[in-house]
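Below: one structure, written as structure tokens.
Read the figures in this text as sums done on the coordinates, not as results from a lab. Just so it is clear, the model here is predicted, and its values are computed rather than measured. Reconstructed Cβ throughout: ideal geometry from the backbone, glycine too, with neighbour counts over all protein chains shown.
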Amino acid sequence: MASDFSKLKRVNPIFLFGIGTLSFAALQSLLPLEFPLPSPLNSLQPAPANAQYKPPKRSGFRSSEGTGTREDALRLCGQRKTASFTPLAPTNHIGETISSRPTLFWYLSSRQTVELKLMESGVQKPVFMTTVQVDKPGIVPFELPKTAPELVPEKVYRWSIAVVCEDGTKDALKMTLIRRVAPTPEVKQQLAIAKSDQNRGQVYAAQGLWYDAVTMFSKAIAANPKDRTAPDKLLSLLDQGGFAKITEQERKKSSR
């Protein structure tokens, strides 16, 4: 008996490892076909629960132009009552999108008519121009229509907003920049497993696609106005963009 035991102790450990490997392979062959074995796509996880915005990895510079700062209280068209008016876009780098006709957002705290212009960098004539009647103060979305040209990838565009006064003059001109980029393989993979607009918004935010992230959270809010998670994610994103005063006003409005 002792001699047999000593022989067992001298078994080559590589041989034992081989047995374990074969056993695992045999076990895999017994699994049902629908059992989800690990794959690069299945191993990807949606973005974190909170919207975490990571700016694109490009050299940054101030992209906000025009009168005042982005959260200034303005005296519009000579009115005594002041108002807040600003494009909701990054100010220390160019906001990016993968959409050919993205949705642009701005904040306006009063009812006004706004003139919107989209221009190519270095070109004086706008490629698109329209007026928008803002009847509901707050965060204003404007999706570029089919009459607007598609944004050319990697070309920088400037879009501006100005309040149109009753006498036809313009006030409080604000400008910012936008660039369309191609979606990376990682973005495509994560969007493929995203199950809702909120999930897609989180993916876009994590990949530095500002305009698309704001758009997805706004769509989620419109689809389910009673759900507070989407508004919280949108305001969190705007907080990270530097719009703390605006998000404070919006949170107070929603708590009433």
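Test of understanding: what is the full-extension gain from SER254 to ASP232, defined as 0.36 nm times their sequence separation minus their Cα-Cα distance? Spell out each step's value before the answer.
Values: separation 22, 0.36 × 22 = 7.92 nm, distance 1.05 nm.
Gain on stretching SER254 to ASP232: 6.9 nm.
Report, to one decimal in Å, the Kirkwood hydrodynamic radius for segment 152-228 based on all distinct Cα pairs. Each step should come with its number before you reach the end.
Values: mean 1/r = 0.0673 Å⁻¹.
The answer is 14.9 Å.
Output ³J(HN,Hα) for segment 116-127: one whole-Hz value per residue in order, computed from phi by the Karplus curve 6.51 cos²θ - 1.76 cosθ + 1.60 with θ = phi - 60°, and x for Gly and Pro.
Values per residue, Gly and Pro as x: 10, 10, 10, 10, 6, 5, x, 10, 6, 7, x, 7 Hz.
Please compare each pair in LYS125/LYS188; LYS117/LYS245; LYS174/LYS252; LYS54/LYS195; LYS54/LYS233 to a cut-off of 23 Å on the Cα-Cα distance and tell me which ones are over it. Don't skip to the answer; put the middle values down first.
Details: LYS125/LYS188 35 Å; LYS117/LYS245 26 Å; LYS174/LYS252 25 Å; LYS54/LYS195 21 Å; LYS54/LYS233 14 Å.
Beyond 23 Å: LYS125/LYS188; LYS117/LYS245; LYS174/LYS252.
Along the charge dipole of segment 207-256, which of ALA223, SER255, TYR211 sits closest to the positive end, that is, farthest toward it, with unit charges on the beta carbon of Lys, Arg, Asp and Glu (+1, +1, -1, -1)?
SER255
Taking segment 70-205, how much of its Cα-Cα pair set, in percent, is spaced more than 19 angstrom apart? Working shown, then result.
Numbers: 5051 of 9180 pairs.
The calculated P(r) of segment 70-205 puts 55 percent of pairs beyond 19 Å.
Determine the gain in length on full extension of the stretch GLU166-LYS195; use 0.36 nm per residue of separation and subtract their C-alpha separation, reporting nm with one decimal.
Working: separation 29, 0.36 × 29 = 10.44 nm, distance 4.59 nm.
Full-extension gain reported as 5.9 nm.
Local charge sum around PRO137 (other residues, Cβ-Cβ under 11 Å, Lys/Arg +1, Asp/Glu -1)?
Summing Lys/Arg as +1 and Asp/Glu as -1 gives +1.
Grab the other residues whose beta carbon is less than 11 angstrom from that of ASP232, score K and R as +1, D and E as -1, and report the net. Please report the intermediate quantities before stating the final value.
Numbers: positive: ARG228, LYS233, ARG251; negative: ASP227, ASP239, GLU250.
Charge balance near ASP232 sits at 0.
As an exercise, identify the GluC sites (Glu not before Pro) in segment 134-173 lying in DSSP coil whose Cβ has no more than 15 other Cβ atoms within 10 Å.
GLU150, GLU154, GLU166
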